[in-house]
Amino acid sequence: MPTETFEQYMQRCLHDPQRGYYAKQIRSIGSRGDFTTAPQLSEAPAKAIARWASRAMRQYRTRHLIEIGPGLGTLAKQILKHLPRTQRWITKLHLVDSSATLLSHQKKQLGRLASYHSSIHEALTCCDGNAIIYSNELVDAFPVRLFRKTLDRWMEVAVEHADKTTREILVQPENLPVSSIFSIQFPTDQRVEIHESYHTWLKSWLPMWKQGEMLTIDYGNTSDQMYLRRPNGSLRAYLLQQRIEGTGIYQNPGLQDITADVNFTDLVEWSEPWLHPHQLANLTEFLQPFLATEDQDFIRASGHFMFLLQSPHDRYK
């Protein structure tokens, strides 16, 4: 495998069944793990999501609540805790994860309180397409295509392996992915990341979803704000809580998380054939109405997150 696209490289590093970070190498999440997510810092997100989910399940008359990419299961457990008691006992919680390592953590956290699925297709089949869906820091776990602006065109970043070394090279892409980012005028040498694999995944299951609401929370911004004063893009890795950039991304394949910020403008445009309407804003705007005074410190620290709230078109209801 002398040369591969960066997306192929990232896919192997994160999801290879034998050596991938999420498949085999991830040990834990939190202060003693490889990285920390919001539910390890505060129950504020769980309180807000529980209030939203409670209202949405009543509105759409469904008992089914799906979390995609639940990590250790911490957030799901907190959400169940903060649901109204009468609703908690009738809620059917579904956890969707392809990582056997994380699945074992989830079962320790929740046991029989949840059903476990390896794909969203499987979960939606169990719900007959009627479900409330949420995810937290899911999109940034999908591999990205990496591009660099040259004087006259966009070139794709590929990874060359030779003589026990790994280096980046530029190749002419077979195509440019569908993305709002290419309509923006960038200076030469700007690097950008496109979550095309997430787009492909969305298209594979959104037609199955008949009714409900979906909440997507992640690091990111809109396309016009993503790369302000960031000529090297947002690509980075995390190893034992340490942020790694540049060539360090290639030094510990399979042993570290690799991620990039999420372009929420793309998420909206990619889902428009199936989902409408949508609400897109900073996470603070989602959390604020639901939370108490003691949660204000977390709210102030959540500016790097955004949320996207969507529902299927009426024709699916």
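The values are calculated or read from the model by the stated rules, or taken from the named source; none is laboratory data. As the structure is a prediction and not an experimental result, all values here were calculated from the model. With ideal geometry, Cβ positions are generated from the backbone for all residues, glycine too; neighbour counts draw on all protein chains shown. Keep in mind that these areas ignore ligands, DNA and RNA; they rest on the heavy atoms of the full protein, side chains included. Shrake-Rupley method; radii C 1.70, N 1.55, O 1.52, S 1.80 Å.
When restricted to residues that are out of contact with any strand residue (DSSP E or B) (no Cβ under 8 Å at 6 or more places or on another chain), in a loop (DSSP other than H, G, I, E, B) and within 25 Å of residue 182 (Cα to Cα), the stretch 226-263 contains 3.
Here residue 267 qualifies as of a type in the set (A, V, I, L, M), in a helix (DSSP H, G or I), crowded, with 18+ Cβ neighbours inside 10 Å and within 14 Å of the chain's Cα centre (by Cα). Within the stretch 74-109, track down each residue that is in contact (Cβ under 8 Å) with a residue 12 or more places away in the chain, open to solvent by less than 80 Å² (accessible area, probe 1.4 Å), more than 22 Å from the chain's Cα centre (by Cα) and under 22 Å from residue 124 (Cα atoms). Within the stretch 74-109, 83, 87, 91 meet the criteria.
Table: residues versus (1) in contact (Cβ under 8 Å) with a residue 60 or more places away in the chain; (2) open to solvent by 30 Å² or more (accessible area, probe 1.4 Å).
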| residue | (1), (2) |
| --- | --- |
| 170 | no, yes |
| 176 | no, yes |
| 207 | yes, yes |
| 213 | yes, no |
| 218 | yes, no |
| 227 | no, no |
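If you go through the stretch 150-174 and keep only what is at pLDDT below 95 and either of a type in the set (A, V, I, L, M, F, W, C) or farther than 26 Å from residue 248 by Cβ (or both), you end up with 152, 162, 174. Contact annotation: residue pairs with Cβ atoms under 8 Å, 6 or more positions apart or on different chains, pairing a residue in the stretch 278-290 that is over 13 Å from residue 215 (Cα atoms) and assigned to a helix (DSSP H, G or I) with a partner that is open to solvent by less than 40 Å² (accessible area, probe 1.4 Å) and among the polar types (S, T, N, Q), are 284/302.
Listed here are the residues, each with its yes/no results for (1) open to solvent by 50 Å² or more (accessible area, probe 1.4 Å); (2) farther than 30 Å from residue 52 by Cβ.
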position: 122; (1), (2): yes, no
position: 128; (1), (2): yes, no
position: 131; (1), (2): no, no
position: 143; (1), (2): no, no
position: 149; (1), (2): no, yes
position: 153; (1), (2): yes, yes
position: 157; (1), (2): no, yes
position: 164; (1), (2): yes, yes
position: 185; (1), (2): yes, yes
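For the stretch 187-200, how many residues meet the condition of being in contact with a helix residue (DSSP H, G or I) (Cβ under 8 Å, 6 or more places away or on another chain) and open to solvent by 40 Å² or more (accessible area, probe 1.4 Å)?
Residues of the stretch 187-200 in contact with a helix residue (DSSP H, G or I) (Cβ under 8 Å, 6 or more places away or on another chain): 192, 194-199.
Those still in the list that are open to solvent by 40 Å² or more (accessible area, probe 1.4 Å) too: 196.
Residues in the stretch 187-200 being in contact with a helix residue (DSSP H, G or I) (Cβ under 8 Å, 6 or more places away or on another chain) and open to solvent by 40 Å² or more (accessible area, probe 1.4 Å): 1 in total.
Limited to the stretch 211-225, what total is found for residues that are in a strand (DSSP E or B) and under 14 Å from residue 49 (Cβ atoms)? Steps first, answer last, please.
Our first condition is that a residue be in a strand (DSSP E or B); within the stretch 211-225, this holds for 211, 214-221.
When the remaining residues are screened for being under 14 Å from residue 49 (Cβ atoms), the result is 214-218.
Count: 5.
The stretch 61-142 holds strands (runs of 3 or more DSSP E) entirely within its bounds, and those carrying 2 or more residues that are within 28 Å of residue 237 (Cβ to Cβ) map to 64-68, 92-96, 132-136.
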